[in-house]
Amino acid sequence: MAKTIADIKPIAEGSSDHFYKKSALGKYVEEPVLKACEILWEKNIKTVMSSANRNDIGRFAYIDIDYRFLSEKNKRIVKKKRYKFSKMHSSVPFLCAEISLKIQDSKIDIDYIKRYFVDRANEFEHQELKWGFVKADKFIKEKIDEGYLDVKEAYSWFKQGNENNEKITVDMKNIDWKKLQDYCNGFHLIADKKTELIFYSREMQKKYHESHSFLGKLLS
């Protein structure tokens with residue numbers, strides 16, 4: 001017997017913060033939309049929320065995409081498809097584009113739902129990675145402002161600096177990247193000297209370099 005939406009239990013826990021590793025998708029994304037979310041992840045498109053379970057009967061199954069981090073071409077696809085926009089409320093509110101499917105009744109089989117969302121995901125283009133990292137100088141300043149990093153410790157990372165100045169001037173050319181990485185280890189982050197970026201996982205670092213190499217080959 002074919003599996004239907006009525007067989008899918010909701011996954012209560014979920015956060016886009018976990019999506020810095022592809023393996024996390026299987027833990028936090030429900031089966032009917034998992035393949036589509038994996039395709040979007042491979043295309044460097046950030047999914048924020050999704051739902052496709054028995055609680056959606058009579059409502060909508062959906063995938064929310066972070067609109068901020070889409071390429072211009074992919075933004076045009078969103079507008080062409082007339083996907084609904086919604087505001088995601090966080091410390092800094094942002095726009096999401098929602099891919100959705102009406103779940104009319106409990107008899108809809110999940111293979112149909114899978115195909116629908118996979119088809120929508122395949123309409124997007126591979127893009128440059130625009131999320132999963134922060135500029136190293138911004139990271140340092142934020143950690144100081146948040147109280148997670150002492151100013152004197154931060155100064156000790158730089159080859160030149162004025163310890164009497166309470167306001168730190170960040171010059172990444174003079175930083176000791178090993179000391180910065182030692183600090184990042186406490187947050188499970190990766191300090192990348194080549195790009196002067198802090199990545200939220202090794203996979204994000206790899207994806208960033210691959211996406212830039214991929215786009216470079218296309219443009220050459």
Just need a number here: residues in segment 106-130 that are free of Cβ contacts under 8 Å to residues at least 60 places away in the same chain and of a type in the set (A, V, I, L, M, F, W, C). 0
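Matching residues to (1) touching a strand residue (DSSP E or B) at 6+ places or on another chain (Cβ under 9 Å); (2) crowded, with 17+ Cβ neighbours inside 10 Å:
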| position | (1), (2) |
| --- | --- |
| T4 | yes, yes |
| K9 | no, no |
| F19 | yes, yes |
| E30 | yes, yes |
| E38 | no, yes |
| E42 | no, no |
| V48 | yes, yes |
| A52 | yes, yes |
| S71 | no, yes |
Condition set polar (S, T, N, Q) and under 18 Å from the mean Cα position of the chain (by Cα), scope segment 77-100, selection surrounded by the fewest Cβ atoms within 10 Å (Cβ to Cβ): answer is S91
Read through the list (1) in contact (Cβ under 8 Å) with a residue 60 or more places away in the chain; (2) within 21 Å of the chain's Cα centre (by Cα); (3) crowded, with 18+ Cβ neighbours inside 10 Å, then give the number of the only condition that I103 fails. (2)
Give I108, I57 a once-over and let me know the one that is surrounded by fewer than 18 Cβ atoms within 10 Å (Cβ to Cβ), among the β-branched types (V, I, T), closer than 26 Å to K9 by Cβ and touching a Ser or Thr at 6+ places or on another chain (Cβ under 7 Å). I57
Would you pick out the residues in segment 100-146 that are in a loop (DSSP other than H, G, I, E, B) and closer than 28 Å to E203 by Cα? E123, F124, E125, H126, Q127, E128, L129, K130, W131, G132
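No lab work stands behind these numbers, since they all come straight from the coordinates. Note that the structure is predicted; figures quoted are calculated from it, not measured. Using ideal geometry, Cβ is built from the backbone for each residue, glycine included, and neighbour counts are taken over all protein chains shown.
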